[in-house]
Every structure is written in C-alpha cells, then in structure tokens.
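Please read the structure below before turning to the comments.
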Amino acid sequence: MDKKKIGREDFEALLRGEKDITPYIEMDPAAGTYSVFGVRTASNPNYLVKAIYEMYEVNLNKKLAVQAVRKLFRSVGMGSVGLQNLLKKFGMDLKPAEFLMLVFRLQHQQGWGAPFELVEQGETKIVIRTKQTFESQVMKNWKMPVCGIHQGWIEGILITVTGKTWFCLETKCLANGDDCCEFVADQRESSWKWKAEAIVKGDTAITEYIEHKPLEGTIKLIDDPVVMMPRFIFSSMMNSLKKTMGEMPAGGVNYRAYMDMGKENVEHYKKMGITKPNILADMAFAFYSQMGWFRIIKMEWNEAAKTKTITLEHTVESDSFGNTGKNVCFCTAGLLAGIVEGAFGIKVQGKEMKCRSKGDDHCVFVITNKPEKAG
Ligand SMILES: [Zn+2]
Ligand SMILES: [Zn+2]
C-alpha cells in the first residue's frame, strides 16, 4: 500500500486550518491497523482512561491519582520528539506554543487531545484553554480538576521542544464545575525544596520522585540515595542488642541512635533550603510516614505544658514485633524526638506512653522539653 507522503506544505496547511488529517489516515480493519502519517495510532477508549485513573486511586487519594496520571502522560508528551524532528527536517521552526498547538490539533483530529485555544504565550509562560478535555468528561464524577493526562502531555511536549523543565497547572476544569479546562504552563527549574514542599502540602506523593533502577541496585528519592529494607530488621537488631547488653540498655541505644538520625535528617533539609521549624518537622514526619514507617493519626500540641503528643498507627517496630505485652518503639520514639530537636533547635525527650505491641490501639508518644541541666 502506498503511503501518502507528507511534506512541509501539508503541515503549513494544517497549521492554517486549510487541511485536516483525513487524507493521511490509513485504516486496515483486516490487519487491525489505523495509521496517521504512517504512524500507528488509535482513538481513546474511555474505559482505558477510567482504568488508568482508578488504578492509581487504589493506592492514592483522587488528587494524588491525578498527579500520577500526569507523570505517566509526561512520557507520552515527550514522544512528540518524532514530530519535532520531522518538522526540523522540513526546515520548519515553530515557537514552543505553536508546536504545542499543532500537536493537539493533530491529536484532536485523531480523537484524542483537546482543540485548544491559545490564550497567552511568552518565553516562560503559556496559557491554553479548551471547552473540555476527554478526561474531564470521563472522570466528571470526581468533581475536581482531573485533567492529569493533558497536564502531563503539555509538560512533556514543552520539555521536548525547549529542552527545559515545565510545570503545568490546571486552573479551571469542567469536571470541577468550571466553564472550561484551562492550563497554565510555567518554565522553571524544579528544586529539591519545591518538590519536598509539594509532598508536605499533599500536592504530590513521594512515589512521583522515586527513581528505582533495580538492575543497577540503586533507588533515589528526590535525588537522594535511599535503600529498601525488610521491616523485621527492627526486631532482629533489637534482639541482637538485647543479647549483648540486656533489654533496657538496648532500648536506650536504639533511642539514641534514631534520635541522631532524626536530627541529621532535619539538618539535610536545612541544607536544601528549608528554614521554618514547623515545615522542617512536618516534612520529616511526612517523608517517614510515606516511606512506610508509620501512619500519623494525630499530633497535638499542649501550649501550657509545652508537650507534643503524637499518635501513630502501625509503627515499624510494633508491626515487626507483634504482640509482646511491652512497649517496643524505641527507634520511633528516638526518631520523633530527634526530628523535633533538629527542627526547633531545642532539647527534648521522647517517651512512648502507649504501644500497639502492649495491646493498646495505637502507639502514642509524648515529646517534652528537657530541662536544662544544672551546672
Ligand atoms: Zn479539566
Ligand atoms: Zn509502639
């Protein structure tokens, strides 16, 4: 079968809206192929879109699921490098916003992307709008901004065409009850600080920043190397220390070691540019929680007594030890105290008051100011 040759004049006519993609569509139902410009394509089955959102929602909340979809479709947008190279070959040099509009025009005619209207274009900011995207219709019942597919897609296209980092926000969404879907793309570098703050605010989850290369034996979390370890390491370590020095001293050693670790962790955040004590502490709590150490049920601050009470579900030790009839969370107690010490620059003491391993509902820790030692 002869492939329709596409040239510069075709793209120019497409850009002017004088032509559409119809002459370049080849459909062969017997072979099960559907191509545009000789590239295999397909329309967007709604059930697939829904399945993707729902797959992420199983482990995340809806807001974070939209972010995960956005990350996935950033890679799809980066696939526009093929079109970019073709246009370069034809000697066509489109501005980033023009290229973005062309990609969506072509995609829209294939039943995918939205027919965008360019609202604003600058060196570092592009605003585009559409009456609706397909995901805003499919996911309408989420009643919130849902267009992660287009957000990621826009970012990927702009990253490809400019070689710089872009972030796209959806400022209006049909699924959120607005009269259109509007996207604001900003070109800016993403710092560690920016990403970490987004995690604390709940705008994104650490999963978005985990770079796992299992075959190379490396895992990074926002560019910092991390390791995965089995939970039973806690019971194993404790038992080993108990054998050599006895139970109480072993608990004390663990408490001390994890306190230092909590403090060092906060110092690292400080080096990354985080300065506010509350943010430092919240960041550490959010990261450890999202790394699987515990789930925060509540944090209470008693101004009069100057004590902080932290209630946690499934701490790593209580889960590792199971029911022992005693408090077991020395590491977590030390970690929490170290985080508070590091963040607020004060001396504190962390004590576990209730423990799941003792039969309580949750592990409850009280952090109190340590009185200055006399002399
Ligand atoms: Zn939308
Ligand atoms: Zn406990």
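The values are calculated or read from the model by the stated rules, or taken from the named source; none is laboratory data. Values in this document were obtained by computation on a predicted structure and should not be read as measured data. Methodologically, a virtual Cβ is constructed for each residue, glycine included, from the backbone with ideal geometry; neighbour enumeration extends over all protein chains shown. Note: accessible area is taken over every heavy atom of the protein model, side chains too, but ligands, DNA and RNA are not part of it. Shrake-Rupley method; radii C 1.70, N 1.55, O 1.52, S 1.80 Å.
Which value, in Å², gives the accessible area per residue of the stretch 141-201 when a 1.4 Å probe is used on the protein heavy atoms?
Working: 2340 Å² over 61 residues.
Computed with neighbouring chains in place, this is 38 Å² per residue.
With 30 Å as the limit, write out which pairs from Lys164/Lys193; Lys71/Lys143; Lys172/Lys220; Lys63/Lys213; Lys143/Lys306; Lys172/Lys298 have Cα-Cα distances beyond it, or answer none. Distance filter (> 30 Å) returns Lys172/Lys220; Lys143/Lys306; Lys172/Lys298.
Classify the chain as rounded, prolate or oblate, taking a ≥ b ≥ c as the square roots of the eigenvalues of its Cα gyration tensor: rounded when a/c is under 1.5, otherwise prolate if a/b is larger than b/c and oblate if not. Cα axes put the chain in the prolate bin.
Placing a label point 7 Å from the Cα of Ala42 along the Cα-to-Cβ direction, the residues of the stretch 101-145 with a backbone N closer than 16 Å are 110-113. In the full protein context, the stretch 243-375 carries 52 Å² of accessible surface per residue, based on a 1.4 Å probe and ignoring ligands, DNA and RNA. Which of the aspartates and glutamates could a cross-linker bridge to Lys50, judged by Cα under 16 Å and excluding same-chain residues fewer than eight apart? Those aspartates and glutamates meeting the cut-off are Glu135. Counting only protein heavy atoms and a 1.4 Å probe, tell me what percentage of the chain's accessible area is made up of carbon and sulfur. It is 53 percent, rounded to a whole number. Rounded to the nearest Hz, the phi-derived 3J(HN,Hα) couplings of the stretch 111-119 under the Karplus curve 6.51 cos²θ - 1.76 cosθ + 1.60 (θ = phi - 60°) are x, 10, x, 7, x, 7, 10, 7, 9, where x marks glycine and proline.
Over the chain, what is the mean sequence separation of C-alpha contacts under 8 Å (at least six apart), divided by residue count, expressed as relative contact order in percent?
Rounded, it is 11 percent for the chain.
Summed over the residues of the stretch 10-91 and divided among them, the accessible surface reaches 57 Å² per residue at a probe radius of 1.4 Å. Note on Glu9 and Thr307: the model spin-label points, each 7 Å out from Cα along the C-beta direction, lie 8.5 nm apart. Stretched out straight at 0.36 nm per residue, the stretch from Arg188 to Arg231 would grow longer than its current Cα-Cα span by 11.6 nm.
Helical content alone sets the calculated 222 nm signal of the chain at -14000 deg cm²/dmol, taking -39,500 (n - 2.57) per DSSP H segment of four or more residues and averaging over every residue. Each part reduced to its alpha carbon centroid, the stretch 74-147 and the stretch 299-321 end up 47 Å apart. Placing +1 on the Cβ of every Lys and Arg and -1 on the Cβ of every Asp and Glu, with no other charges, gives the chain a dipole of roughly 840 debye about its Cα centre.
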